[in-house]
Amino acid sequence: MNIWESIRIAWHGIKGNKIRSLLTILGVIIGVAAVISLISIGQGVTQKVSSQIEELGTNLIVVTGMRNLGGVLTKDDVPLLEKAETISKVAPSLSKSTTPIKWQNATLEVTVEGTNQNYPDVRNFHLLDGRFLTETEVDQRKKIAVIAQKIVSDLFGGVNPIGETILINGQRFSVIGVMEPKGEVLGQDLDNYVFIPLTSAERLLGTTRLNTIYVQAASSDQASLAIAEIAAIFEGKFGKPDLVRITSQDQLLGTMDSMSATLTMMLGAIAGISLLVGGIGIMNIMLVSVTERTREIGIRKAIGAKRRDILAQFLVESIILSISGGILGIVIGIIVSQVVSSSLGWVTIISIWSILLSFSFAVLVGIFFGIYPALKASKLDPIVALRHE
Amino acid sequence: MLQLKGINKVYGKNETAVFALKNINITVEEGDFAAIMGPSGSGKSTLMNVLGCLDKASSGEFWINGHEVSQLNDDELAVIRNQHIGFIFQGFNLLPTLTAVENVELPLIYRGVAKEKRRKLAITALEQVGLANRLEHRPSELSGGQQQRVAIARAIAGNPALLLADEPTGNLDSRSELEILSIFQELNDKGMTILIVTHDEVVAEHCKRIIRVRDGEVIQDQSVSLESRKDALAHLQLVNMGG
């Protein structure tokens with residue numbers, strides 16, 4: 001007897017019991033759908049976080065001082081860093097959040113960030129309108145400001161702000177540019193910023209301690225060299241190592257990638273367990289089915305079915321069940337993933353490997369859990385089986 | 001064509017050994033039509049299982065169509081059952097989810113006969129038992145007599161050497177019983193070898209030969225006199241004319 005006959009007979013057995021067959025494969029359907037949709041969500045999160053980190057800048061290295069230990073950064077560090085060959089640009093940052101600003105009668109609390117002309121390049125920010133600060137303006141402590149997109153709508157109510165004067169902490173600043181919207185990155189709203197010359201910020205905020213120095217490495221290959229050089233520069237300045245924290249974009253990316261890969265794997269593994277449980281469901285029903293069809297098995301054997309014919313019939317039946325469950329699971333998994341992405345606004349990425357992985361796992365589960373019932377069926381003694389009521 | 005030589009079937013060992021069959025010697029020639037009779041517990045079911053290659057004898061030789069089958073394993077016996085024996089059971093034993101013609105095709109599937117050919121053979125067999133117009137009916141849509149005729153069609157579709165029937169009329173009313181017996185008669189007239197296990201004297205009367213079994217032994221093996229067969233056959237014809 002060839003395999004097509006086995007498939008035909010097995011299919012007939014499944015068709016004869018539609019509702020039960022569907023319930024049998026429900027576990028596999030849910031398992032496969034869960035693997036595919038959860039991995040697609042995990043991958044979506046990974047990609048979103050990665051692209052957010054990439055948007056932070058190009059070859060960005062972030063330097064922060066350990067103030068408690070005496071690691072204070074000032075604008076004097078900027079030229080030291082600029083001298084390094086592995087570094088192309090440096091943008092200092094002195095910022096204060098919840099600073100009140102006022103235009104006419106409207107007020108708003110924003111983050112004021114004092115910096116220099118390199119900021120847009122280093123942080124990968126772009127101007128929407130007007131222009132950014134120049135080196136001269138920074139040196140001359142000009143009272144000018146570049147505002148983020150959100151402030152245009154929230155404070156100016158849509159009026160073109162360029163040339164307008166705003167009050168920051170009660171001091172008058174003239175608006176010269178508007179930044180492109182950046183959205184929220186890693187929980188930080190980047191559209192609520194006012195950029196002013198570093199020198200003006202020192203006076204306005206009454207401090208020379210920088211919060212952060214943003215450094216752009218000359219190339220991505222040189223990022224690690226740059227980190228070492230930065231560390232050396234500050235060790236030279238403070239006379240002690242480890243008074244600054246240096247984080248590169250690549251490190252951040254790597255950390256986030258491995259974190260989200262772990263997350264994705266965990267989601268997949270949990271979903272995989274439900275697949276395994278689905279397989280046990282198949283075995284359970286197949287065992288019941290073998291008992292119920294003992295007489296049928298007896299008849300088939302009496303008229304000439306060999307052991308392997310019966311084995312094939314039941315094994316093929318459980319494989320067909322798991323394949324159908326797998327296919328339905330793929331369809332439902334894709335639908336769930338689409339629904340999640342459209343209703344919750346999450347990015348989901350359905351990967352081919354997750355489909356192949358879950359599908360082949362489902363089929364393996366079907367074979368593995370189908371073998372025992374099929375063997376049991378094939379070993380039945382036809383005389384005993386025929387007597388079975 | 002069928003020969004049992006010193007067949008023993010023993011359950012248990014040594015002191016507790018029970019002989020279900022004791023030194024059975026039976027020869028069945030081609031074209032024979034024999035009834036195996038005996039009260040329950042006489043060993044006739046065991047004999048029937050051995051004859052049907054469903055069970056193996058403990059010792060002795062069993063030849064069927066030139067094959068010595070007493071030493072074969074399960075799968076080899078399955079092949080013998082498939083190719084040389086047609087089974088008819090008391091409970092019909094049709095698969096309820098298959099149509100009549102699909103049921104008849106079943107042994108041919110296991111024989112590896114191609115689809116079109118086995119459909120043709122199945123239809124021919126159903127025609128022989130007068131069910132050409134019931135091909136697509138399921139067993140539940142057929143009467144007991146019709147179901148047994150489907151079972152006969154299934155048994156003869158592969159043209160086996162031996163037709164083995166176990167109480168084939170046990171579940172039927174007398175009308176259907178006679179229908180079935182007349183089909184057996186027709187098949188035997190065409191040269192089919194038939195063995196019927198029964199405890200019904202009326203059924204046995206239709207056969208050419210009666211083998212009586214008791215306590216695992218053959219106690220009588222006699223031909224049925226032509227006279228009593230004639231009576232039985234006349235009865236059949238009467239029924240046939242009436243129907």
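The values are calculated or read from the model by the stated rules, or taken from the named source; none is laboratory data. Note that the structure is predicted; figures quoted are calculated from it, not measured. Methodologically, a virtual Cβ is constructed for each residue, glycine included, from the backbone with ideal geometry; neighbour enumeration extends over all protein chains shown. For the accessible areas, the whole protein counts, side chains as well, though only heavy atoms, and no ligand, DNA or RNA atoms are used. Shrake-Rupley method; radii C 1.70, N 1.55, O 1.52, S 1.80 Å.
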Query raised in the report: If you roll a 1.4 Å probe over the heavy atoms of the protein chains, what accessible area per residue do you get for segment B:152-243, in Å²?
Result: 45 Å²
**Report entry** In degrees, nearest ten, helix B:100-111 long axis to first principal axis of chain B (Cα)
**Finding:** 50 degrees
Requested in this report: Once you've got the Cα coordinates, tell me which of A:K306/B:K9; B:K5/B:K115; B:K9/B:K208; B:K44/B:K230; A:K376/B:K9 are over 31 Å apart.
Outcome: B:K5/B:K115
Requested in this report: Between the alpha-carbon centers of segment A:255-308 and segment B:70-92, tell me the distance in whole angstrom.
Outcome: 33 Å
Query raised in the report: Between segment B:114-168 and segment A:16-41, how many Å separate their Cα centres?
Result: 41 Å
Query raised in the report: In straight Cα distance, which lysines are under 25 Å from A:K142, not counting same-chain residues fewer than 8 positions off?
Result: A:K75, A:K89, A:K96, A:K102, A:K150
**Report entry** For a label point 7 Å along the Cα-to-beta-carbon line of A:D189, residues of segment A:69-103 with backbone N under 15 Å
**Finding:** A:97-101
Requested in this report: Run the numbers on segment B:105-145: which residues show a drop of 50 Å² or more in accessible area, chain on its own versus all protein chains together, using a 1.4 Å probe over heavy atoms?
Outcome: B:I109, B:Y110
Report summary line: In Å, the C-alpha Rg and Dmax of the protein assembly as shown are 44.7, 138
Report summary line: Inter-chain shielding metric for A:293-303, i.e. average beta-carbon neighbours from other chains within 10 angstrom, reads 6
Query raised in the report: Residues of segment A:67-242: accessible area per residue at 1.4 Å, in Å²?
Result: 47 Å²
Query raised in the report: Per residue in segment B:62-84, which ones lose no less than 10 Å² of accessible surface when going from chain alone to all protein chains (1.4 Å probe)?
Result: B:D74, B:D75, B:A78, B:V79, B:R81, B:N82
Report task. For an R0 of 51 angstrom, estimate the FRET efficiency from the Cβ-Cβ distance between A:E135 and A:I352 and round to the nearest 0.05. Result -> 0.50
Query raised in the report: On average, how much accessible surface per residue is there in segment A:247-389, in Å², for a 1.4 Å probe, leaving out ligands, DNA and RNA?
Result: 47 Å²
Query raised in the report: Which value, in debye to the nearest 20, describes the size of the charge dipole of segment A:255-389 about its Cα centre when Lys and Arg Cβ atoms bear +1, Asp and Glu Cβ atoms bear -1, and nothing else is charged?
Result: 640 debye
Report summary line: Simple SL model, points at 7 angstrom along Cα→Cβ for B:S223 and B:E141; separation in nm is 4.7 nm
**Report entry** Heavy-atom accessible area, 1.4 Å probe, ligands and nucleic acids excluded: residues of segment A:363-389 down by at least 50 Å² from chain alone
**Finding:** A:I383
Report summary line: The local net charge around B:G6, scoring Lys/Arg +1 and Asp/Glu -1 for residues other than B:G6 whose Cβ lies under 14 Å from its Cβ, equals 0
Report task. Can you tell me the dipole magnitude for the protein assembly as shown around its Cα centre, using point charges on the Cβ only (Lys, Arg +1; Asp, Glu -1), in Debye to the nearest 20? Result -> 300 debye
Requested in this report: Working from Cα positions, state the angle (0 to 90°, nearest 10) between the long axis of helix B:174-189 and the longest principal axis of chain B.
Outcome: 80 degrees
Query raised in the report: If you roll a 1.4 Å probe over the protein assembly as shown with all protein chains in place, what percent of the accessible area is carbon or sulfur?
Result: 55 percent
Query raised in the report: Roughly how tilted is helix B:144-156, in degrees to the nearest 10 and between 0 and 90, from the longest Cα axis of chain B?
Result: 70 degrees
Report summary line: Between chains B and A, the summed loss of accessible surface on complex formation, probed at 1.4 Å and reported to the nearest 100 square angstrom, is 2100 Å²
**Report entry** Length released on extending from A:A261 to A:N2, taking residue separation times 0.36 nm less the Cα-Cα span
**Finding:** 88.8 nm
Query raised in the report: Over chain B, how many percent of alpha carbon pairs lie in each 10 Å bin up to the one with the longest distance?
Result: 8, 31, 35, 20, 5, 0
Query raised in the report: Considering the alpha-carbon set of segment A:195-313 alone, what are its Rg and its Dmax in angstrom?
Result: 33.8, 101
Requested in this report: Work out which helices of chain A, taken as complete DSSP H runs, extend at least 27 Å along their axis over the Cα atoms and score a mean Kyte-Doolittle of 0.0 or more, then list them.
Outcome: A:18-55, A:249-292, A:307-343, A:352-378
Query raised in the report: Given the convex hull of the Cα atoms of segment A:280-376, what is a quarter of its surface area in nm²?
Result: 7.1 nm²
**Report entry** Between segment B:1-68 and segment A:342-373, the alpha-carbon center distance in angstrom
**Finding:** 55 Å
Report summary line: For B:164-171, A:19-26, ranked highest to lowest by mean beta-carbon neighbours within 10 Å, the order is B:164-171, A:19-26
Report summary line: Between the residues B:L181, B:L233, B:I210, the Cα farthest towards the positive end of the dipole of chain B, that dipole coming from +1 and -1 charges on the beta-carbon of Lys, Arg, Asp and Glu, is from B:L181
Query - log10 of Debye I(q)/I(0), alpha-carbon scatterers only, for segment A:67-242 at 0.12 Å⁻¹ - result: -0.57
Report summary line: Counting only DSSP beta bridges fully inside segment A:67-242, the antiparallel percentage to nearest 5 is 75 percent
Query raised in the report: Counting partner chain Cβ atoms within 10 Å of every residue's Cβ in B:54-61, what's the average?
Result: 1
Report summary line: Around A:E184 (Cβ within 12 Å, Cβ-to-Cβ, excluding A:E184; K/R +1, D/E -1) the net charge comes to 0
